[in-house]
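Working notes, structure below.
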Amino acid sequence: MQDAGNRLLLEEQHHALKSTIQEAQDLKQGLNVEQRDVYDKILDAVYHNIGQSFFVYGSGGTGKTYLWRALTSKLHSQNNIVLVVTSSGIAHFY
Ligand SMILES: Nc1ncnc2c1ncn2[C@@H]1O[C@H](COP(=O)(O)OP(=O)(O)OP(=O)(O)O)[C@@H](O)[C@H]1O
């Protein structure tokens with residue numbers, strides 16, 4: 001019985017991971033040139049464990065949240081833990 005439970009859990013986790021990978025690919029493909037430049041710089045810093053801070057700013061509706069979704073989705077799809085702390089319109093990734 002426990003095996004069946006574990007199998008269901010694994011299937012569900014696999015399904016969730018497949019959805020996240022697809023979402024990450026879709027969001028990445030949709031990035032405009034400016035967003036893609038920032039996306040690449042931030043992921044490069046994460047993958048090389050540089051511990052850099054980035055301040056992403058722009059007028060309302062210019063795609064900051066979209067960029068954030070693309071980044072978190074990509075990192076989640078690779079089993080990374082993403083902590084997002086938002087305060088007064090300023091969001092930090094750790
Ligand atoms: N590269 C993109 N491709 C397709 N849609 C995009 C892209 N970038 C942004 N959008 C869309 O444009 C709209 C505004 O983007 P978003 O919410 O990311 O802006 P924002 O900078 O976070 O705005 P605000 O500062 O007002 O919160 C959203 O509907 C978002 O899905």
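We did not get these values from a lab; they are worked out from the coordinates using the rules stated. Everything quoted here is computed from the prediction, not taken from an experiment. Here Cβ is always computed from backbone atoms with ideal geometry, including for glycine, and neighbour counts include all displayed protein chains.
General observations
- Gain upon complete extension [Leu9, Asp40; 0.36 nm per residue less C-alpha separation]: 7.8 nm
- Max mean-square fluctuation residue, GNM over the chain, Cα-Cα springs under 10 Å, options Gln35, Gln52, Gln78: Gln52
- Whole-Å semi-axes of the ellipsoid equivalent to the range 1-74 (Cα gyration tensor, √5λ, descending): 32, 15, 10
- Sorting Glu23, Glu12 from the fewest to the most surrounding beta carbons within 10 angstrom yields Glu12, Glu23.
- Whole-number percent relative contact order across the range 2-93, with pairs defined as alpha carbons under 8 Å at least 6 apart: 31 percent
- Structure-based [θ]222 nm, the chain - -39500 (n - 2.57) summed over DSSP H runs of at least 4, per residue, nearest 500: -21000 deg cm²/dmol
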